[in-house]
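The values are calculated or read from the model by the stated rules, or taken from the named source; none is laboratory data. Every value quoted in this text rests on a predicted model; they were computed, and no experiment measured them. Quick reminder, even Gly has a Cβ in these numbers, built from the backbone with ideal geometry, and neighbours come from all protein chains shown.
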There are 2 protein chains.
Amino acid sequence: MPDSFIAAPPKDLLLDEGFRFIHGQTIAPFTIRYETFGELNADRSNAILVCHALSASAHPAGRYRDDPDEKPGWWDGLIGYGKGIDLEKYFVICANLPGSCYGTTAPSSVDPASGHPYGSRFPWPTIEDMVHSQKVLLDRLGITRLRAVAGGSLGGMQVLMWAALYPELMDSIITMAAGAAVPVQGVAWHLIGRKMIESDARFNGGDYYDHPESLRGLQVARMVGHMTYLSAQALQSKFGRRRRGNTRQFEIDSYFEHQGRKFAAQYDANSYIRVQAAMDEMDLEEKYGSLQKAFAKWRGRTLLVSFDTDWLFPVGDVERVESAMVANGTDVRHERIASTNGHDTFLIDYGLITPPVTSFLSSLP
Amino acid sequence: MPDSFIAAPPKDLLLDEGFRFIHGQTIAPFTIRYETFGELNADRSNAILVCHALSASAHPAGRYRDDPDEKPGWWDGLIGYGKGIDLEKYFVICANLPGSCYGTTAPSSVDPASGHPYGSRFPWPTIEDMVHSQKVLLDRLGITRLRAVAGGSLGGMQVLMWAALYPELMDSIITMAAGAAVPVQGVAWHLIGRKMIESDARFNGGDYYDHPESLRGLQVARMVGHMTYLSAQALQSKFGRRRRGNTRQFEIDSYFEHQGRKFAAQYDANSYIRVQAAMDEMDLEEKYGSLQKAFAKWRGRTLLVSFDTDWLFPVGDVERVESAMVANGTDVRHERIASTNGHDTFLIDYGLITPPVTSFLSSLP
């Protein structure tokens, strides 16, 4: 895989008039943090919008500095010069979601009216809000048509919402490890994680910013989330029942403690519960009556990628999206990929996910 | 299925000299709560020891009163007059585990030396301790030979430990939904549940008995445990993404809240973390070097029952026990049962689990 490139710093779109959430609240002013990669061509026809997942940011590719120790963007194996989403050809845009805490106005942002973080008073966004915020950004950038919208997991759910809300705006969509609603097993695990955060005495209903330490509830909730991304096979081969050094501590315990602390030190609990709840609330079948109706106006091309060991979005749930699109007479490819890495395959196995993306994009008329 | 019978009240074996845990601590005096069912025959050859699972008690069958509203014992569909473990033929014994809080001396028991509950000072039992306590009971009851030892889940793990520790004491063993060690996926979920309990501010290291309310950490940990007992199929068919009444609350959320509160009101957090940790620590392969060595002296007959949707103890883990016993040249039957009820099948689908037990017991020489 070619090495990653040096990315430009993130940019901010400041909406003085604010952003109105679908549930009615307006947060003003409102900042949308975003990044762009590659060059927009003269006829503005080569833009690809990339949607990020639960804990990711507007930084999908590249490194900010020429430092091999810096971790590159979250989809760096797929997006880059000569990669699956080739920056020689495409202009890529990615925006941090409303609710997330990586630059876009968030619960941890200071409310200018009070001088304190919004905290519990910050709205609970929906996937529609996420899509609308991306649409506002595209409008401001003067991009009226997209070559593709792409994303995995929560990002893939946004992609499907794009197809439902703005079916005439793009030529194609690409989703990985995503369906039109989180199945109950994922919902249940998410709920359990949120209950842990909300029952942490220090959470205080969401107004905890006076204390600098991270929330234990968020650390443990992250471990729950982490479990849903891993297949039984990956857990077995990476950790098994092995103990750490000469101790009785299980290696998986040590790993989870490390990952939980690291995550809770950099991600905000109010953002976590909001973005995850938005994921659980999305249900295109419920919203439109059927998946066929949800995609009734979508006429573009679709690439759906699923993974056989993904139990958060089992292959059957992706097949339901496929069937609805087939029934609507649209051009849909469903790549069923065998992998041991479960849900996280879309962030790990670039050798597996790149060929279908390359082939799909090059096949577009 | 014939209705359940009226059970005798539980009995207590009081050990004035106390019970010595394998890690070295002795708790004295020490009470073992147990129940017996049916009649011991003249030559004392018809006794079956039944081992209970994580949150169960010494009450596997029958009702204490003639009240159809009273829930019968936890294996009532299998144990009874004319049932799979037929009380017309067998004398059944079941003891509450050391560490559990249903009558046997437990962390919530008052330490006569201090006048306060043991709390954090109570030992962390092992599966060996559980088996030893049952052996002490049998010795006091004058039972020197068992027709069978039977159990599911943690109960089945005790059964395998019986075969390793006292291979000459019984004619046969029956396990359901159990292997010789909890695979890493179950260990990880258990650890996450224990972290939730231990990070509840009110847990206070295990010394929380001054406060009457149940621990929220235990409620949520129970939800985690509950998830590991359910198959994805059962979750989908029982709950799906359905909402409760006219609310936006998911039915699974409402169900888990109810079950979590109910459980935490009747089970003790110190017991939960101890009994579950004992389950995770058991590893016959680690202890003996190999499963074949663990069962080297076991010459009796074995019935292993596994369920295709049990992801806590997948069929492959039961097959490893089977292979070791086959390699040792012993008589082992492995019944692979197809069911949608996951791990909990052994507590639910009596129509599926009874025939192999009946057939196995009647085949004993």
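Residues that are within 22 Å of residue B:343 (Cα to Cα) and of a type in the set (Gly, Ala, Ser) were ranked within segment B:214-237; the one that is surrounded by the most Cβ atoms within 10 Å (Cβ to Cβ) is B:221. One residue stands out among those in segment B:265-286 that are within 12 Å of chain A (Cβ to nearest Cβ) and part of a helix (DSSP H, G or I): the one that is surrounded by the most Cβ atoms within 10 Å (Cβ to Cβ), which is B:284.
Considering (1) crowded, with 19+ Cβ neighbours inside 10 Å; (2) closer than 27 Å to residue B:144 by Cα; (3) more than 23 Å from the chain's Cα centre (by Cα), the lone condition that residue B:117 does not fulfil carries the number (2). Filtering B:260, B:245, B:225 for residues that are among the small types (Gly, Ala, Ser) and in a loop (DSSP other than H, G, I, E, B) leaves a single hit, B:245. Looking at (1) at pLDDT below 95; (2) under 28 Å from residue B:218 (Cβ atoms); (3) in contact with a Gly (Cβ under 7 Å, 6 or more places away or on another chain), which one does residue A:231 not meet, given that it meets all the others? The single condition residue A:231 does not satisfy is (2).
Being among the acidic types (Asp, Glu), part of a loop (DSSP other than H, G, I, E, B), at pLDDT 95 or above and within 26 Å of residue B:268 (Cβ to Cβ) narrows it down to one of B:69, B:129, B:76, so name that one. Let's see the steps before the verdict.
Working: B:69 fails: at pLDDT 95 or above; B:129 fails: part of a loop (DSSP other than H, G, I, E, B).
One residue alone meets the criteria, B:76.
Of all residues in segment B:219-240, none satisfies the criterion of being of a type in the set (Lys, Arg), in contact (Cβ under 8 Å) with a residue 40 or more places away in the chain and either within 7 Å of chain A (Cβ to nearest Cβ) or more than 14 Å from residue B:262 (Cβ to Cβ) (or both). Hey, any hits in segment A:259-282 for a residue that's within 15 Å of residue A:320 (Cα to Cα) and out of contact with any helix residue (DSSP H, G or I) (no Cβ under 9 Å at 6 or more places or on another chain)? Checked segment A:259-282: no residue is within 15 Å of residue A:320 (Cα to Cα) and out of contact with any helix residue (DSSP H, G or I) (no Cβ under 9 Å at 6 or more places or on another chain). No other residue among B:227, B:176 is under 30 Å from residue B:85 (Cβ atoms) and assigned by TED's automatic domain parsing to the domain that holds residue B:115 apart from B:176.
Scanning segment A:342-354 for residues that are within 18 Å of residue A:81 (Cα to Cα) and either of a type in the set (Val, Ile, Thr) or more than 21 Å from the chain's Cα centre (by Cα) (or both) yields A:353, A:354.
The set of residues in segment B:157-206 being assigned to a helix (DSSP H, G or I), of a type in the set (S, T, N, Q) and more than 9 Å from chain A (Cβ to nearest Cβ) consists of B:158, B:204. Looking across segment B:7-43, the residues that are within 27 Å of residue B:148 (Cβ to Cβ) and in a loop (DSSP other than H, G, I, E, B) come down to B:7, B:8, B:9, B:10, B:21, B:22, B:38, B:39, B:40, B:41, B:42, B:43.
Can we say residue B:106 is touching a residue at least 40 places away in the same chain (Cβ under 8 Å) and buried (at least 24 other Cβ atoms within 10 Å of the Cβ)? I'd like the intermediate steps shown before the answer.
On the way: touching a residue at least 40 places away in the same chain (Cβ under 8 Å): yes; buried (at least 24 other Cβ atoms within 10 Å of the Cβ): yes.
Considered against the rule, which asks whether it is touching a residue at least 40 places away in the same chain (Cβ under 8 Å) and buried (at least 24 other Cβ atoms within 10 Å of the Cβ), residue B:106 comes out as yes.
Across segment A:318-365, the number of residues qualifying as in contact with a Lys or Arg (Cβ under 9 Å, 6 or more places away or on another chain) and assigned to a strand (DSSP E or B) comes to 2. Restricting attention to segment A:269-318, the residues being within 18 Å of the chain's Cα centre (by Cα) and over 25 Å from residue A:348 (Cβ atoms) number 8.
Scan segment B:303-317 for residues that are free of Cβ contacts under 8 Å to residues at least 60 places away in the same chain and part of a loop (DSSP other than H, G, I, E, B) and the total you get is 1. Test residue A:252 against the criterion of being more than 13 Å from chain B (Cβ to nearest Cβ), assigned to a helix (DSSP H, G or I) and crowded, with 17+ Cβ neighbours inside 10 Å, and give yes or no. Considered against the rule, which asks whether it is more than 13 Å from chain B (Cβ to nearest Cβ), assigned to a helix (DSSP H, G or I) and crowded, with 17+ Cβ neighbours inside 10 Å, residue A:252 comes out as no.
Identify, from the list B:216, B:243, the residue that is farther than 28 Å from residue A:242 by Cα, touching an Asp or Glu at 6+ places or on another chain (Cβ under 7 Å), facing chain A (nearest Cβ under 10 Å) and without any contact (Cβ under 8 Å) to a residue 12 or more places away in the chain. Break it down into steps so the answer makes sense when it comes.
Numbers: B:216 fails: without any contact (Cβ under 8 Å) to a residue 12 or more places away in the chain.
Of B:216, B:243, the one residue that is farther than 28 Å from residue A:242 by Cα, touching an Asp or Glu at 6+ places or on another chain (Cβ under 7 Å), facing chain A (nearest Cβ under 10 Å) and without any contact (Cβ under 8 Å) to a residue 12 or more places away in the chain is B:243.
Every listed requirement among (1) crowded, with 22+ Cβ neighbours inside 10 Å; (2) at positive phi is met by residue A:240 save one, (1).
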